[in-house]
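*Asks:* Sending over a structure as structure tokens; questions will come in a sec.
The values are calculated or read from the model by the stated rules, or taken from the named source; none is laboratory data. Quick caveat: nothing in here was measured; it's all calculated off a predicted structure. Using ideal geometry, Cβ is built from the backbone for each residue, glycine included, and neighbour counts are taken over all protein chains shown. Note: areas computed on protein heavy atoms with side chains; ligands, DNA, RNA excluded. Shrake-Rupley method; radii C 1.70, N 1.55, O 1.52, S 1.80 Å.
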Amino acid sequence: MDTQHPDLHPLFADHVATLKARADRALLRSGHDHLVIAAGQPHYQFLDDRDYPFCANPHFKHWLPVTKAPGSWIAYTPGRRPKLVYLQPRDYWHAVPETPAGYWVEHFDVEIVREAKDARAHLPNDAARCAILGEANAALDGFAPNNPADVLDYLHWHRSTKTPYELAMMRVASRIGARAHRAAERAFRAGVSELDIHFAYMAAARQTDNELPYGNIVALNEHCAVLHYTDLAHAPPAHLRSFLIDAGASFHGYASDITRTYAAADAGEFQALIDAVDAAQQGFCAKVRAGQSYPELHVHAHHVLAGILREHGFIRMSAESAVESGVSSAFFPHGLGHPIGLQVHDVAGFQASDAGGTIARPPGHPYLRMTRTLEPGMVVTIEPGLYFIDLLLADLKQKPTAKDVDWDKVDAFRKYGGIRIEDDVACTEDDPENLTRDAFAAL
């Protein structure tokens, strides 16, 4: 575990105070007396006794850095200390969750239970007066999650604004991820397989597959054109040309999400294209400022990337024409990024206000994952890309705009697959804080 972080005691005290104040307002608005949060229960595979890796309810781990406590609960009543009902079963088949300890424990009344059903005695009596957040399988003796929309809307909206404690957690997650990315690059340069690069990443991160915030994307050559490539070839390719890795790390429930693309030593023209996308990406990161419309930043990215396509000889039309005609989307088919925090794709990216509602995506951009205006405390990813995807290029070739594409140039780059560069960037009252670049610079 990476321990390079500030004193967490004052940060966490302020964090809990913020969560209690938000819960007070959400409960007052909804007319409930108590907020109750289930950590969740394992899910089992169909017709089997094997469970999927446990993933804690993000509302649960928002309150405390406990991610491996299935069957546990948090109960909060305004004006009182929050209560943690912690399941520590009598079990010799599995590892039992450790007894709660650390910087956060003093802020909770902790009740240890030995069986999941025993938690019910420590929860509020009247379930009808409770806003109960969680999955249906967490229900206990009629005490079932009801997930009131007005409570969730309020909490999700304000969860977009990270507390100083949360930003501290995300900085550590970024440092772990950056360290592992360096190891992955070294493995790529050594000429090993995708699977071996993945192993090198996990070894440097000191995290298992199940501890990582999402499945690593480790792609060589043409595989870089598959946006969510996770097959992990076991043998190295005959010719090494390009490497794209999209991989993060976790710390106390918070995620980092980092993507880098590398060229083989003899791929000079592809390296020049990587350098152009990297420079553009840093320009987009610099615009993560309060008041910036995220959809407008996404559309701006399309214009800049279309300009790169033109400058490097892939298209002959203007950047404006490439965006308006949809040509740029054939090379950059996904959104510029998304909110990140307790979840890699964090909540409320489309929310209109703390009362709910939806802000629609701009026409022609169906995969954008955020439509809000940036505010101080938000953390977003900035991940532009340029790809040579056979499916999308085949569609583009059938359109009238195909005449403005240099297909010989495009075909020459299919072997590289594509490029994506991704950083996690915090919006502040002043200049943006690039968690990812800072983490790499600290290595």
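*Asks:* Somewhere in region 351-359, is a residue touching a helix residue (DSSP H, G or I) at 6+ places or on another chain (Cβ under 8 Å) and farther than 30 Å from HIS62 by Cβ?
*Replies:* No, every residue in region 351-359 fails to be touching a helix residue (DSSP H, G or I) at 6+ places or on another chain (Cβ under 8 Å) and farther than 30 Å from HIS62 by Cβ.
*Asks:* Further question on the same structure: Given the conditions (1) out of contact with any Pro (no Cβ under 8 Å at 6 or more places or on another chain); (2) surrounded by fewer than 22 Cβ atoms within 10 Å (Cβ to Cβ); (3) in a helix (DSSP H, G or I), report the number of the one that VAL299 does not fulfil.
*Replies:* Answer for VAL299: the failing condition is (1).
*Asks:* Let me ask another. Could you say which residue among HIS15, HIS59 is within 19 Å of ALA119 (Cβ to Cβ), under 22 Å from the mean Cα position of the chain (by Cα), modelled with pLDDT of 95 or more and in a helix (DSSP H, G or I)?
*Replies:* It is HIS59.
*Asks:* Now, a different point. I'm trying to understand the selection: among the residues of region 406-432, which are of a type in the set (Lys, Arg) and assigned to a strand (DSSP E or B)?
*Replies:* Matches in region 406-432: ARG420 only.
*Asks:* Still on this structure, please answer the following. Pick from region 107-140 the residues that are part of a strand (DSSP E or B) and out of contact with any Lys or Arg (no Cβ under 7 Å at 6 or more places or on another chain): which of them is farthest from ASP51 (Cα to Cα)?
*Replies:* The qualifying residue farthest from ASP51 (Cα to Cα) is CYS130.
Residue-wise test of (1) surrounded by fewer than 21 Cβ atoms within 10 Å (Cβ to Cβ); (2) under 18 Å from VAL151 (Cβ atoms); (3) not aliphatic (A, V, I, L, M).
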site	(1), (2), (3)
PRO10	yes, no, yes
ALA38	no, yes, no
PHE46	yes, no, yes
PHE60	no, yes, yes
ARG81	yes, no, yes
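*Asks:* Which residue, of ASP266, ASP275, is in a helix (DSSP H, G or I), open to solvent by 10 Å² or more (accessible area, probe 1.4 Å) and of a type outside the set (A, V, I, L, M, F, W, C)?
*Replies:* ASP275
*Asks:* Please note which helices (runs of 4 or more DSSP H) are completely contained in region 141-219 and include at least 2 residues that are in contact (Cβ under 8 Å) with a residue 24 or more places away in the chain and closer than 30 Å to ARG120 by Cα.
*Replies:* 149-159
*Asks:* OK, next. Do we find that SER318 is out of contact with any strand residue (DSSP E or B) (no Cβ under 8 Å at 6 or more places or on another chain), under 15 Å from LEU368 (Cβ atoms) and of a type in the set (S, T, N, Q) in this structure?
*Replies:* Answer is no for this residue.
*Asks:* Now, a different point. Would you tally the residues in region 85-114 being in contact with a Pro (Cβ under 7 Å, 6 or more places away or on another chain) and at pLDDT below 95?
*Replies:* 1
*Asks:* For residues in region 366-398 being of a type in the set (D, E, K, R) and touching a residue at least 24 places away in the same chain (Cβ under 8 Å), which is farthest from ASP278 (Cα to Cα)?
*Replies:* Ranking the qualifying residues of region 366-398, first place goes to ASP395.
*Asks:* Collect the residues in region 394-405 that are open to solvent by 60 Å² or more (accessible area, probe 1.4 Å) and either among the polar types (S, T, N, Q) or assigned to a loop (DSSP other than H, G, I, E, B) (or both), keeping them in residue-number order.
*Replies:* Within region 394-405, GLN398, LYS399 meet the criteria.
*Asks:* Among the residues of region 221-262, which ones are of a type in the set (S, T, N, Q), crowded, with 24+ Cβ neighbours inside 10 Å and over 30 Å from THR67 (Cα atoms)?
*Replies:* SER242, THR261, listed by residue number.
*Asks:* Moving to a separate point now. If I filter region 406-437 down to residues being within 26 Å of the chain's Cα centre (by Cα) and open to solvent by 30 Å² or more (accessible area, probe 1.4 Å), which single residue comes out as nearest to ALA249 (Cα to Cα)?
*Replies:* That would be ARG437.
*Asks:* Among the residues of region 313-322, which ones are crowded, with 17+ Cβ neighbours inside 10 Å and of a type outside the set (Phe, Trp, Tyr)?
*Replies:* Matches in region 313-322: ILE315, MET317, ALA319, ALA322.
*Asks:* Checking VAL218 against (1) open to solvent by 10 Å² or more (accessible area, probe 1.4 Å); (2) more than 30 Å from LEU8 (Cβ to Cβ): exactly one of these is not met. Which one?
*Replies:* Every listed condition holds for VAL218 apart from (1).
*Asks:* Something else about it: Among the residues of region 104-141, how many are open to solvent by less than 30 Å² (accessible area, probe 1.4 Å) and within 20 Å of HIS62 (Cβ to Cβ)?
*Replies:* So the count comes out to 11.
*Asks:* With the structure loaded, tell me whether LEU64 is under 23 Å from the mean Cα position of the chain (by Cα), under 23 Å from LEU212 (Cα atoms) and buried (at least 17 other Cβ atoms within 10 Å of the Cβ) or whether it fails that test.
*Replies:* The answer is yes for LEU64.
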